[in-house]
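Structure, as structure tokens:
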Amino acid sequence: MIQGICFDLDGVLIHTDELHYLAWKGLADRLGIPFDRAQGDRCRGISRMESLEIVLEHTDHIYSAEEKERFAQEKNEAYRAMLARLSPSDLPADVLPTLRELRRRGYRLALASGSKNAGLILARTGLGRYLDAAADGRCITRSKPDPEIFLTAAKMLDLPPERCAAVDDAVAGIQAGRAAGMVTVAIGDSAAHRAGDYDLERFGQLLDLFPGPGKEEGL
Ligand code: BG6
Ligand code: MG
């Protein structure tokens, strides 16, 4: 029986996945390195430094650890400049009504995002009010597909992971949720890969999947 739902942030609750892509693309363009959407999709869910390695795939130049640190910082500053312009109107229309209804049905809701910028996004959009707990990149040492972030979110909800569902747009995120022992719900890129126990086309379909704790889930 599912009692808690743990949500990834970027690409699930808000389209900041696109802003990550644009910030990495800006860095790649400045360095004169080709970087395409397929590479951007492979950055979903994984850490900032792991993403940078994908950005640097198509260059023969060997960069030092210090240069890589500076590149990651440059990307993060460009990304945060975009986040600073976010407002509640940037939330997809079905996100808040869906979260409100899931909570009304009795589910406990948590954030399970690997991003160190999650707090800024929650504050800019007002999303924080709709969640019972928030685990983000500052709470963990291992990024998805490691289960740490989902296990941390379940602990914050005071629920065993088996009583939780993990909702994620990243294949690495679905792997993390599964490794945590959760029911996995894929949306966006991970659903296109048919990675989840359930693969959704729209966020609002969570209401079809989760009728209420104690009732059988299914689409
Ligand atoms: C995840 C994104 O949510 O956060 C990844 O899907 C990103 O693409 C990761 O690398 C870390 O984000 P940040 O904001 O700490 O650089
Ligand atoms: Mg994501």
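The values are calculated or read from the model by the stated rules, or taken from the named source; none is laboratory data. The shown structure was predicted, so the numbers you read here are calculated from the model rather than taken from an experiment. Cβ: placed from backbone, ideal geometry, glycine included. Neighbour counts: every protein chain shown. Just so you know, the surface numbers come from the protein's heavy atoms only, side chains and all, with ligands and any DNA or RNA stripped out. Shrake-Rupley method; radii C 1.70, N 1.55, O 1.52, S 1.80 Å.
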Quiz item: How large is the charge dipole for the chain, taken about the Cα centre, if only the Cβ atoms of Lys, Arg (+1) and Asp, Glu (-1) carry charge, to the nearest 20 debye?
Solution: 740
Quiz item: Under Stokes-Einstein, with the Kirkwood radius over Cα pairs standing in for Rh, what whole-number D in µm²/s applies to the chain at 20 °C and 1.002 mPa s?
Solution: 122
Quiz item: Expressed as a whole percentage, what fraction of the accessible surface of the range 65-219 belongs to carbon and sulfur atoms when a 1.4 Å probe is rolled over the protein heavy atoms?
Solution: 48
Exercise. Using a 1.4 angstrom probe, figure out how much accessible area the range 89-209 has per residue, in square angstrom, rounded to the nearest whole.
Key: 42
Quiz prompt | Calculated FRET value between I33 and A81, using beta carbons and R₀ = 22 Å, to 0.05 | solution = 0.55
Practice problem: Would you mind checking the tilt of helix 95-104 against the longest principal axis of the Cα atoms of the chain, expressed as 0 to 90 degrees and rounded to 10? | Solution: 30
Self-check item: Long-range amide H partners of A134 with built H, under 5 Å
Solution: L111
Quiz prompt | In the range 33-117, the chymotrypsin sites (Phe, Trp or Tyr not before Pro) that fall in loop regions by DSSP, at most 16 other Cβ within 10 Å | solution = Y63
Quiz item: If you line up the long axis of helix 65-83 against the longest principal axis of the chain, both from Cα atoms, how many degrees apart are they, to the nearest 10?
Solution: 50
Quiz item: What does the charge add up to near T16, with Lys and Arg as +1, Asp and Glu as -1, over the other residues with Cβ less than 12 Å from its Cβ?
Solution: -2
Quiz item: Which residues in the range 25-54 place their backbone N less than 18 Å from a point set 7 Å from the Cα of A65 along the Cα-to-Cβ direction?
Solution: 48-53
Practice problem: List the residues whose amide H sits under 5 Å from the amide H of I2, counting only those 5 or more places along or on another chain, with H placed 1.01 Å from N in the peptide plane. | Solution: G214
Quiz prompt | Rounded tilt (10° steps) of 148-157 against the dominant C-alpha axis of the chain | solution = 40
Self-check item: Virtual paramagnetic centre 7 Å along Cα→Cβ of M49, amide N under 19 Å, in the range 13-32
Solution: 24
